[in-house]
1. Tell me whether the range 92-99 contains one or more residues that are without any contact (Cβ under 8 Å) to a residue 12 or more places away in the chain and of a type in the set (S, T, N, Q).
2. Determine whether residue 47 is surrounded by 10 or more Cβ atoms within 10 Å (Cβ to Cβ) and of a type outside the set (A, V, I, L, M).
3. Report whether or not residue 6 is more than 30 Å from residue 73 (Cβ to Cβ) and open to solvent by 80 Å² or more (accessible area, probe 1.4 Å).
4. Taking the range 24-43 on its own, how many of its residues are of a type in the set (S, T, N, Q) and open to solvent by 80 Å² or more (accessible area, probe 1.4 Å)?
5. Only one of 48, 6 is among the acidic types (Asp, Glu), free of Cβ contacts under 8 Å to residues at least 60 places away in the same chain and at negative phi; which?
6. Considering 88, 43, 54, which residue is modelled with pLDDT of 95 or more and either under 30 Å from residue 114 (Cα atoms) or among the aromatic types (Phe, Trp, Tyr) (or both)?
7. Do we have any residue at all in the range 84-95 that's outside any strand (DSSP E or B), over 30 Å from residue 19 (Cβ atoms) and of a type outside the set (S, T, N, Q)?
8. Which one of these is surrounded by 10 or more Cβ atoms within 10 Å (Cβ to Cβ) and free of Cβ contacts under 8 Å to residues at least 24 places away in the same chain: 66, 116?
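The values are calculated or read from the model by the stated rules, or taken from the named source; none is laboratory data. Only a predicted model underlies this, so the values are computations on that prediction, with no experimental measurement involved. Because the Cβ atoms are built from the backbone with ideal geometry, glycine has one as well, and the counts that use them run over all protein chains shown. To get the accessible areas, we keep the full protein, side chains included, count just its heavy atoms, and leave off ligands, DNA and RNA. Shrake-Rupley method; radii C 1.70, N 1.55, O 1.52, S 1.80 Å.
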Amino acid sequence: PTTRQECSTVYDKKCQTVYKSVCVEQYKTEYEPYTETECSTEYKDDCEYQWEGYGNDKVWAPIAGTCKKNPYETCKDVAKTKERQVAYPVCNDVPEQKCVDVPREVCVAVPDQICTNQPL
């Protein structure tokens with residue numbers, strides 16, 4: 001009996017793990033220093049003065065009825081901080097399966113069928 005080759009293509013799945021970098025944004029609080037001027041108003045008596053008394057007993061005294069409360073503003077720089085949210089990336093390698101079909105030829109030997117005419 002004679003044989004002939006019969007071939008067909010089959011596919012094998014070939015997989016490998018690849019790593020993909022996946023990043024997400026996270027936030028952290030940072031404190032920023034700054035200076036602010038703060039002012040306050042105080043009221044003080046302003047009076048007209050005169051010398052009172054005689055000789056060694058002379059004193060510099062306010063004149064009655066001349067005093068007025070006048071506003072005086074005092075300012076100072078105050079160090080402060082303010083909060084702010086700062087974004088920063090956090091990345092991780094994530095495994096991923098990458099698969100491809102690899103073709104392969106498979107051949108088998110098939111017996112040939114030989115036909116002959118038989119006399120009746």
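1. No, every residue in the range 92-99 fails to be without any contact (Cβ under 8 Å) to a residue 12 or more places away in the chain and of a type in the set (S, T, N, Q).
2. yes
3. In short, yes.
4. Applying the first criterion (of a type in the set (S, T, N, Q)) to the range 24-43 yields 26, 29, 35, 37, 40-41.
Keeping just the survivors that are open to solvent by 80 Å² or more (accessible area, probe 1.4 Å) gives 26, 35, 37.
Within the range 24-43, residues that are of a type in the set (S, T, N, Q) and open to solvent by 80 Å² or more (accessible area, probe 1.4 Å) number 3.
5. 48
6. 88
7. Scanning the range 84-95, I find no residue that is outside any strand (DSSP E or B), over 30 Å from residue 19 (Cβ atoms) and of a type outside the set (S, T, N, Q), so the answer is no.
8. Values: 116 fails: surrounded by 10 or more Cβ atoms within 10 Å (Cβ to Cβ).
Only one candidate passes the filter, namely 66.
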